[in-house]
Amino acid sequence: MSYQPPTPTIARDGDSAIILDQTRLPYRSCTLRLATLEAVATAIRSMQVRGAPLIGATAAFGVAIALNENADDAHLAQTLDTLAATRPTAVNLHWALARMRERLLPLDPSMRHEAAWAEAEAIRRSDFETCTAIGQHGVALLQRIATQRDGPVRVMTHCNAGALATLGPGTALAPIYEAQRRGIPVKVWVSETRPRNQGLLTAWELRQAGVRHALIADNAAGILIARGEVDLVITGADRVAANGDSANKVGTYLKALAAKDNGVPFYIAAPLSTVDFSCPDGAHIPIEDRGADEVCTITGENETGEVVSLRLAPAGTDAPNPAFDVTPARLITGILTEFGICAPSELSKLAPESA
Ligand code: MRU
């Protein structure tokens, strides 16, 4: 059994959902009850839940919650629109909402409430299986390196694409957990991922899982790669275009460039629900712009254990904050999905119509 957080990232409780509030991590482990559509939309928008697969599943739970009281066509449509508008880049959100619409719209409104909960649960269960399969396929990459060198396999990742971002053992971290389970020694380079510091969440879960890791400043990635201290880079993705261009947390592109320049393989790990076959290339992926405050402030724990936010730059400082960037397919060695590893140019073989 690979790593799971002490509290599930999301679970049903009656007609509500309980989430692990990720804005409090890694300093506090707190849960939050989501009982209304507005609470679910706020949780996604404010990143109380985050990570592409978890955002999708949370939206599905949000549909079920919204239909608790009213499941007519107009309310269903309004619910889907509200949730679709929460965050633009992670396509899993739209994938999950399309799946909910397809399942619920043909039903009589009186049947929709329970059907929505059942479908949300099905999405939760299938994400666990998908992440597990990504781990099973991806571990071969680490296994191969382990046979070629002494010492741990040194994997660099970015952001958090682990159990906290999914409903299973993660995407980019799933092969690492599987390697740990099989006794393959691993060391993970974790970049802090400013401005929201999702790398701290990665370090938090790797620590709990007993996986050796080191936290680095984002800007240290290049020198570590150039010095030969990284065997491969694996990151998640929020949307993969049909040609393999992949949007992930801002900073991913720079790692891919450094990896290419130094002959280090760079993999994207993502479920097929993250592949947007209707999007031809990275130029068509919508990139979320977030507030300047995320750049101008920092949150941490002070010496007395209080969680505090500090201002780094004066309020009003011009601080553009694109939350994602696009790594072109030419920099990507392979895309790791629940169906195995393929070159970006082979992605089209996985498109539903040719499956
Ligand atoms: O803004 P976030 O924290 O939702 O962004 C998350 C990422 O970019 C992850 O790396 C990505 O969603 C992959 S999740 C398995």
Legend entry - Percent carbon-and-sulfur accessible area, the chain, ignoring ligands, DNA and RNA, probe 1.4 Å: 52
Legend entry - Where labels lie 7 Å past Cα in the beta-carbon direction, separation of Arg149 and Ala315 in nm: 4.8
Inset, instruction - Please label the shape of the range 244-355 as rounded, prolate or oblate, based on the square roots a ≥ b ≥ c of the eigenvalues of the alpha-carbon gyration tensor (a/c under 1.5 means rounded; beyond that, a/b larger than b/c means prolate, else oblate). - result: prolate
Inset, instruction - Could you tell me which helices of the chain pass both thresholds, a Cα extent of 18 Å or more along their own axis and a mean Kyte-Doolittle hydropathy of at least 0.5, with helices taken as whole DSSP H runs? - result: 52-66
Inset, instruction - Determine the shape class of the range 150-294: with a ≥ b ≥ c the square roots of the Cα gyration tensor eigenvalues, call it rounded for a/c under 1.5, and otherwise prolate if a/b is greater than b/c, oblate otherwise. - result: rounded
Inset, instruction - At 0.36 nm per residue, minus the direct Cα-Cα distance, what do Ile216 and Asp81 gain on full extension? Give it in nm, one decimal, please. - result: 44.7 nm
Legend entry - Residue-normalised accessible area of the chain, given per residue in Å² at a 1.4 Å probe: 41
Inset, instruction - For Lys249, go through the lysines and keep the ones whose alpha-carbon is under 19 Å away, minus same-chain ones fewer than eight residues off. - result: Lys260
Inset, instruction - Mind ranking Leu80, Leu215, Leu254 by accessible surface for me, highest first, 1.4 Å probe? - result: Leu254, Leu215, Leu80
Inset, instruction - Run the 1.4 Å probe and let me know the accessible area of Ile287, rounded to the nearest 10 Å². - result: 60
Legend entry - Theoretical FRET efficiency, 1/(1+(r/R0)^6), r = Cβ-Cβ of Ile287 and Arg125, R0 22 Å, to 0.05: 0.10
Legend entry - Highest-fluctuation residue, Tyr177, Tyr267, Tyr27 considered, GNM on the chain with Cα pairs under 10 Å: Tyr27
Inset, instruction - Leaving ligands, DNA and RNA out of it, work out the accessible area of Glu229 with a 1.4 Å probe and give it in Å² to the nearest 10. - result: 50
Inset, instruction - Please give the FRET efficiency for Asp15 paired with Ser348, using the beta carbon to beta carbon distance and R0 = 35 Å, rounded to the nearest 0.05. - result: 0.25
Inset, instruction - Using 0.36 nm per residue of separation minus the Cα-Cα distance, give me the extension gain between Cys30 and Arg45 in nm, one decimal. - result: 3.6 nm
Inset, instruction - Would you please name the GluC sites (Glu not before Pro) within the range 1-109 that are DSSP coil residues with at most 14 other C-beta atoms within 10 Å of their C-beta? - result: Glu69
Inset, instruction - With springs only between Cα atoms under 10 Å apart, run a GNM on the chain and tell me which of Ala179, Ala315, Ala17 wobbles the most. - result: Ala315
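The values are calculated or read from the model by the stated rules, or taken from the named source; none is laboratory data. Please read these numbers as outputs of a predicted model, since none were measured by experiment. When we count neighbours, we look across all protein chains shown, and the Cβ atoms used for this are built from the backbone with ideal geometry, even at glycine. For accessibility, only protein heavy atoms count, side chains too; no ligands or nucleic acids. Shrake-Rupley method; radii C 1.70, N 1.55, O 1.52, S 1.80 Å.
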